[in-house]
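Worksheet: one structure, shown below.
The values are calculated or read from the model by the stated rules, or taken from the named source; none is laboratory data. Small disclaimer: the values here were computed from a predicted structure and weren't measured. Ideal geometry is used to build each Cβ from the backbone, glycine not excepted, and the neighbour counts take in all protein chains shown. These accessible areas exclude ligands, DNA and RNA; they are computed on the full protein's heavy atoms, side chains included. Shrake-Rupley method; radii C 1.70, N 1.55, O 1.52, S 1.80 Å.
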Amino acid sequence: MIEISVILLFPLLSLLILFSLEQWWSRRHFPPGPLSLPVFGNAWALQMRNNEDVLKKLAKKYGNMYTLWLGNQSVVVLSGFKAVKEGLVGYGEEFSGRAVSAFFSSQGKGRGIVFANGHIWKKQRQIGNTSLRLFGPGNKKIEHHIKEEAQQLIEIFTRTQGQPFDPSLPLIYSVSNVMCAFNLGHQFAHEDQNFQKLVENILCTVRMTGRAFHLVYETIPWLMKHLPGPHQKPIESAKFILSFVRQEVERHKQYQSLHDPQDFIDFYLLQMEKNKDDLNSVYNEENLACCLLELFIAGAETTYSSLMWAVLLLVNHPDIQEKVHKEIEDVFGASGSISYDDRHKLPYTNAVIHETQRAKYVLFLPIPRQSIKDVKMRGFHIPKGTIIVSDLRSVLLDPEEWETPEEFNPNHFLDKDGKFQTREAFMPFSAGQRACLGEKLSRIEMFIILTNLLRTFHFQPPEGVKKLDEKPIVSVGLTPHPFKICAVPYYTS
């Protein structure tokens, strides 16, 4: 019996060795990377959970271009400002594809903006850009909605009477309501149960992404989609959001404003009407629903996380917080409207907001791109179909670009005269053809909400707490651990 087992085992081991050698030979022109196991690859090397520096360690070991394997799928990671800029800008067209995600395709099926490719992607992104120009930054209506939410936050924070409270729910409700104003043309009361359920499902969809079950789903989707487990929860959440937005689309169809579109749905329905006789048109209700799903998820979570980090950092740096308050008070006093255009009057405040987004970038990994052509970059062959991951956090913490990369230092964005200065390595919204669509909207939200809150309140830790925890929770995002603050009013009536 033992002899038979040895006889059977020998050819299996020989085949495994031959397969490994063939795999090694076929991959010899890729950038270096950690050991890859047959079939399974080496995605295990990420070990993301509570380890935000794993990519930094991989880059230190293998260089600013290295390769990981998700099963047999090649993943090239670009690290540091120079490599990321070369990849996203220098090879912007070549790296403009989006890898097909089995997890997200279970609902979107290649529609929308974020996970679409080719003609569908170009047309959906075009309509997204146009609608943002019409209803986004520069549009007084959307700025009015943001100011309303800022005022709502002031009222909520005032009711805490300086006692410890968790700011997370008011902030996520306000940011989500801004997306409702842009997408749907109206806002909800924070107490509205359907609205609260929408927000709950937005957070679930994002925060389950990047966990172990998600990575396994991407590797063996044919099995995982039939198995119970935590990976089913964000899929159900995505279904809820799609159902929610489809109901809103039906309401818009009943009360159409095609002659005077007021929001993203109106504008999209207008394009559908204009192109109804075009057999090749990709403007349809399924693409509209997927665009709305993506706008809610991408537009709410990232801005909300940035606001949470801003509050936390300012609590931990009271001297910086006081300088911001003084600058706002010196320019605007205790009252009066603050608009996005006023950022030029508040260089220090503007620098603090930028530094928050640099020091506490909210994504562990941005959504990967894909090479649509064979590329030779830095002496390495990157074949068509390779997934391209740009480590934007490594850009924002690049010691060659920032004087004190590990510190929260607003001076990174101030010149010697105290005037605000932009930095080329400031890339929290990525770059190239797949750069974040909602960058300007996020900037206006951050500025108006924070300036209004910091003019009104001094944020401080609860009694007995010296410093809030700055270590992030690591998944696909980098979010702060739950915390409480005290919002002490500067002015009392």
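Considering the stretch 144-169, the residues that are within 21 Å of the chain's Cα centre (by Cα) and not small (Gly, Ala, Ser) include one that is nearest to SER442 (Cα to Cα), namely ILE146. Per the conditions (1) out of contact with any helix residue (DSSP H, G or I) (no Cβ under 6 Å at 6 or more places or on another chain); (2) among the hydrophobic types (A, V, I, L, M, F, W, C); (3) under 28 Å from PHE182 (Cα atoms), the sole criterion not satisfied by ILE473 is (3). The set of residues from the stretch 150-162 being open to solvent by less than 10 Å² (accessible area, probe 1.4 Å) and under 13 Å from ILE448 (Cα atoms) comprises ALA150, LEU153.
For the stretch 328-346, taking the residues that are open to solvent by less than 30 Å² (accessible area, probe 1.4 Å) and in a helix (DSSP H, G or I), the one that is nearest to VAL465 (Cα to Cα) is identified as ILE328.
When you check GLU355 against the structure, is it under 26 Å from PHE81 (Cα atoms) and part of a helix (DSSP H, G or I), yes or no? Judged against the criteria, GLU355 is a match.
Residue by residue, here is whether (1) farther than 23 Å from PHE332 by Cα; (2) in a loop (DSSP other than H, G, I, E, B) holds:
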site: TRP402; (1), (2): yes, yes
site: GLU407; (1), (2): yes, yes
site: HIS412; (1), (2): yes, no
site: PRO428; (1), (2): yes, yes
site: LYS440; (1), (2): yes, no
site: THR451; (1), (2): no, no
site: THR479; (1), (2): yes, no
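Report every pair of residues separated by at least 6 positions or lying on different chains whose Cβ atoms are under 9 Å apart, first residue within the stretch 169-192 and closer than 15 Å to GLU155 by Cβ, second open to solvent by less than 30 Å² (accessible area, probe 1.4 Å) and assigned to a loop (DSSP other than H, G, I, E, B). Sorted first by the residue in the stretch 169-192, then by its partner, the pairs are LEU169/HIS190; PRO170/HIS190; TYR173/HIS190; SER174/HIS190; ASN177/HIS190. Pick from the stretch 109-135 the residues that are modelled with pLDDT under 85 and aliphatic (A, V, I, L, M): which of them is most open to solvent (accessible area, probe 1.4 Å)? By that ranking, first place goes to LEU134. Scanning the stretch 136-169 for residues that are modelled with pLDDT of 90 or more and among the polar types (S, T, N, Q) yields GLN151, GLN152, THR158, THR160, GLN161, GLN163, SER168.
Within the stretch 384-405, not a single residue is open to solvent by less than 20 Å² (accessible area, probe 1.4 Å) and farther than 23 Å from MET65 by Cβ.
Conditions (1) modelled with pLDDT of 95 or more; (2) over 28 Å from ILE353 (Cβ atoms); (3) among the polar types (S, T, N, Q), marked per residue:
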| residue | (1), (2), (3) |
| --- | --- |
| LEU258 | no, yes, no |
| ILE265 | no, yes, no |
| GLU301 | no, no, no |
| TRP309 | yes, no, no |
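Here TRP69 fulfils each of the conditions (1) open to solvent by 20 Å² or more (accessible area, probe 1.4 Å); (2) modelled with pLDDT under 95; (3) not in a strand (DSSP E or B) apart from (3).
Just to be sure before I move on: is ILE172 aliphatic (A, V, I, L, M), within 24 Å of the chain's Cα centre (by Cα), within 27 Å of SER243 (Cβ to Cβ) and modelled with pLDDT under 95 in the structure I sent? For ILE172, the condition - aliphatic (A, V, I, L, M), within 24 Å of the chain's Cα centre (by Cα), within 27 Å of SER243 (Cβ to Cβ) and modelled with pLDDT under 95 - is not met. Check whether at least one residue in the stretch 445-455 is over 24 Å from PHE115 (Cβ atoms) and open to solvent by 40 Å² or more (accessible area, probe 1.4 Å), and report yes or no. Scanning the stretch 445-455, I find no residue that is over 24 Å from PHE115 (Cβ atoms) and open to solvent by 40 Å² or more (accessible area, probe 1.4 Å), so the answer is no.
Okay, residues lined up against (1) within 30 Å of VAL474 (Cα to Cα); (2) touching a Phe, Trp or Tyr at 6+ places or on another chain (Cβ under 7 Å); (3) without any contact (Cβ under 8 Å) to a residue 60 or more places away in the chain:
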{"residue": "ALA298", "(1), (2), (3)": "yes, no, no"}
{"residue": "TRP309", "(1), (2), (3)": "yes, no, no"}
{"residue": "VAL315", "(1), (2), (3)": "yes, yes, no"}
{"residue": "LYS326", "(1), (2), (3)": "no, no, yes"}
{"residue": "PHE332", "(1), (2), (3)": "no, no, no"}
{"residue": "SER335", "(1), (2), (3)": "no, no, yes"}
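When GLU286, GLU322 are checked against the criterion of being under 30 Å from ARG207 (Cα atoms), surrounded by fewer than 20 Cβ atoms within 10 Å (Cβ to Cβ) and not β-branched (Val, Ile, Thr), GLU286 stands alone in meeting it. Inspection of the stretch 193-206 identifies no residue that is within 30 Å of TYR490 (Cα to Cα), modelled with pLDDT of 95 or more, open to solvent by less than 50 Å² (accessible area, probe 1.4 Å) and aromatic (Phe, Trp, Tyr).
SER430 satisfies every condition listed in (1) of a type in the set (Ser, Thr, Tyr); (2) open to solvent by 10 Å² or more (accessible area, probe 1.4 Å); (3) more than 16 Å from the chain's Cα centre (by Cα) except (3). Going by the structure shown, is PHE267 of a type outside the set (S, T, N, Q), closer than 30 Å to LEU450 by Cβ, in a helix (DSSP H, G or I) and touching a Pro at 6+ places or on another chain (Cβ under 7 Å)? For PHE267, the condition - of a type outside the set (S, T, N, Q), closer than 30 Å to LEU450 by Cβ, in a helix (DSSP H, G or I) and touching a Pro at 6+ places or on another chain (Cβ under 7 Å) - is met.
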